[in-house]
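This report refers to the structure that appears directly beneath it.
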Amino acid sequence: MKKMTFIALLATVLAVFLLLIKEDGSHQPYSPLKQDAVILAFGDSLTYGYGVKSGFSYPSQLAAKTGLKVINAGISGEESSEGLQRLQGVLKQNPDIVILCHGGNDILRKHSLLQLKNNLLAMIDMIHKNGAKVLLVGVPDFGWLGFNTLPLYNEVAKERDVIFEEDTLGLIEADTALKSDRIHPNEKGYEMMADAFIEVLTDNGLLSHQE
């Protein structure tokens, strides 16, 4: 009887531990990306690299730091509804992982946040159907009272159980030394994005630790 009680207690502790891991947004490590893996950077001007020369966008810096092929599929000014329509064609390049950083223009133009959330969910479903993993990037509210990531991004990450990078854009937006204008990062800001994405991909087993 004592043995059965101990086993039941151990099982309960394990279940709580696994629940806490899921609540934190962590994942069991994925298989490492191969050297010929393709990363698709999909989004708007923050992906395109508005404000800097092409070699200093975050996709370019990510490619240089990892040695992997990184496709820059960012379009300045694009809204999430337009991104949803464009995504299927871009996925024909068969990426292994998609870094999804979208919604900034919806937020700035005060479009429906519910529609933004639905568009992000639809994009993730489309990416998963294509066989790729997703790294979702949290986008902040570009308001005068701060640059906290909108809660809907955390909701989307949990609902679709994807890798989530929550803080970096908010930190960049709050520091004028990392921006080229009121919204867009400068070279250091885009490098900070690349480094943050490398860190989260490494933590999830997709990249090896950089020497």
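Taking 209, 184, 102, 111 and ordering them by how much accessible surface each has at a 1.4 Å probe, largest first, produces 209, 111, 184, 102. Taking Cβ atoms as reference points and 15 Å as the exclusive limit, the residues near residue 191 contribute a net charge of -1, counting Lys and Arg as +1 and Asp and Glu as -1.
Rounded to the nearest whole Hz, the Karplus-based 3J(HN,Hα) values (6.51 cos²θ - 1.76 cosθ + 1.60, θ = phi - 60°) of the stretch 107-124 follow the sequence 5, 4, 8, 6, 7, 4, 6, 5, 5, 4, 4, 5, 5, 5, 4, 5, 4, 5, with x at glycine and proline.
3J(HN,Hα) couplings calculated from phi for the stretch 189-201 with the Karplus curve 6.51 cos²θ - 1.76 cosθ + 1.60 (θ = phi - 60°) are, in sequence order, x, 5, 5, 4, 4, 4, 5, 5, 5, 4, 4, 6, 5 Hz; Gly and Pro show x. For the stretch 98-190, lysine pairs separated by 8 or more sequence positions, or belonging to different chains, with Cα-Cα distances below 29 Å total 11.
Rank these residues by their accessible area, most exposed first, probe 1.4 Å: 207, 114. The partial results should precede the final answer.
Values: 207 20, 114 115 Å².
From most exposed to least exposed: 114, 207.
For residue 99, the amide hydrogen comes within under 5 Å of the amide hydrogens of 40, 41, 42, 135, counting only partners 5 or more places away or on other chains and with H modelled in the peptide plane. The amide H of residue 74, built 1.01 Å from its N in the peptide plane, has 43, 48 as neighbours under 5 Å, considering only residues 5 or more places off or on other chains.
Determine the per residue accessible area of the stretch 138-211 with all protein chains present and a 1.4 angstrom probe, expressed in square angstrom. Let's see the in-between values first.
On the way: 3790 Å² over 74 residues.
With the other protein chains kept in place, the stretch 138-211 gives 51 Å² per residue.
Thinking of the stretch 132-188 as a set of Cα atoms, what percent of all their pairs are more than 14 Å apart? Working shown, then result.
Working: 872 of 1596 pairs.
In whole percent, the share of Cα-Cα pairs in the stretch 132-188 beyond 14 Å is 55.
Once the Kirkwood radius over Cα pairs is known for the stretch 37-160, the Stokes-Einstein relation at 37 °C and 0.692 mPa s delivers a diffusion coefficient of 224 µm²/s.
Here the Karplus curve 6.51 cos²θ - 1.76 cosθ + 1.60, taken at θ = phi - 60°, turns the phi angles of the stretch 40-52 into couplings of 9, 8, 10, x, 10, 5, 5, 8, 4, x, 4, x, 9 Hz, with x standing for Gly and Pro.
The values are calculated or read from the model by the stated rules, or taken from the named source; none is laboratory data. Nothing here was measured: the structure is a model prediction, and the numbers come from that model. In this analysis, Cβ positions are derived from the backbone assuming ideal geometry, glycine residues included, and neighbour counts consider all displayed protein chains. Calculation scope for accessible area: heavy atoms of the full protein, side chains included, ligands and nucleic acids excluded. Shrake-Rupley method; radii C 1.70, N 1.55, O 1.52, S 1.80 Å.
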